[in-house]
Every structure is written in C-alpha cells, then in structure tokens.
C-alpha cells in the first residue's frame, strides 16, 4: 500500500519513529538497529515500509534499505513469524547475514534473534532456503558497482565474474556456500583481480 515515507524525522520513541510528511505525522515501527542509524531529529529521512493490517489495526514497519524490506517480506511468509518477529530477526542481523544464516543452515545464529527459538530458526531455514539463491547473496555481498548512467561497466562485470568463480571453486572443493562467500569477501580486493588470486586469498581464511 505505502511503499515508503519520506519527510522530517520528528521524534523517536521505543520501537517507533514519527515522520512528518506534508504536515501529517506517520507512526512507523522500527527496530532498535534502525533507530540507531537514523539521522538527527528534524532531518529528512526515507523509510521503506510494509503495511500490516490485522484485527488490532493498521501498522507501518519501516526499513532504511529496500533489501531489508524484501527479507522482511520473506520472513513473514514463514508460519509463526509475524511482522514483529521478522523485525526482531532483522534487528539482530543484517539482511545479508540473514541470507548467510539461511543458506548455511545456521540455526545457532538465527536463534540469537529476540523471540526466535531453535524450532522457529529451523522453520525459517526450511521454508526459505529454496527461495534464496547463492547468486543473489553474492550480488548483495560482493556488490557490483553501478555507474551514474545505471549501467555496469565491462571491468565491473569481469570483477563480479571473478568473485563468483572463486566462490564456485571453493564450493567444488567441499566448502559450504556461506563460508565460501564470506571467505572471498574477506580478501583485500583490487580491480582486475583474477579468480585464481581470489581463491588463494580466500583459502587462507578457511585453513
């Protein structure tokens, strides 16, 4: 319904931010993590939002990044994980750390989120593992730099391909997809670096 709200941040209270949009104050539910990242009071802010409608009323849940909102929408498709629970998960870890946890079946990490027990963590992994690809996780984590014209340069495409090849090589060697991606992401990167160099660098973090 409401894709985002952009306006003046009037005040923040526990779990809630009030955004003034053309004289109307919108109550937006936010996590402690989001609250800590908001600008100063009366500064302009943009929050991507999800509208939750229930028998208790209508609520807006806000996120600074669209990627967070997308992961929030995935989480609430899991039986037993409502909007409050989904926001709690994203207050404990970033959207991409959540992807790592799901791909790597990391029940322990997911269980660290407030209100998420072992059974709920296992359910999240079971329900969402097939909905999250290694490719999109690599794209979000390794990042392809987009030019001002919205196009990716040939060198940027080559860099992304080299990183992907290094991750795939590690997986072929028997390492998990999540740990492979993390290892490649730790390698100090220079433009034009080949996949072989990335692979050698990543292996140092895995031994």
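Each reported figure results from applying straightforward, stated rules to the coordinates on display, with no laboratory input. Here the structure is a predicted model, which means the values were calculated and not measured. We place every Cβ from the backbone using ideal geometry, glycine too, and count neighbours over all the protein chains shown.
For the stretch 38-117, which fully contained helices (runs of 4 or more DSSP H) count at least 2 residues that are without any contact (Cβ under 8 Å) to a residue 60 or more places away in the chain, within 19 Å of residue 132 (Cα to Cα) and touching a strand residue (DSSP E or B) at 6+ places or on another chain (Cβ under 6 Å)? Explain how you work it out, then say what you get.
Numbers: elements: 66-75, 83-92, 95-103, 107-110.
Per the criteria, 66-75.
Please specify each residue of the stretch 128-138 satisfying the condition of being surrounded by fewer than 17 Cβ atoms within 10 Å (Cβ to Cβ) and in a helix (DSSP H, G or I).
129, 130, 131, 135, 136
Looking at the stretch 1-56, which of its residues are within 24 Å of the chain's Cα centre (by Cα), surrounded by 12 or more Cβ atoms within 10 Å (Cβ to Cβ) and more than 24 Å from residue 86 (Cα to Cα)?
7
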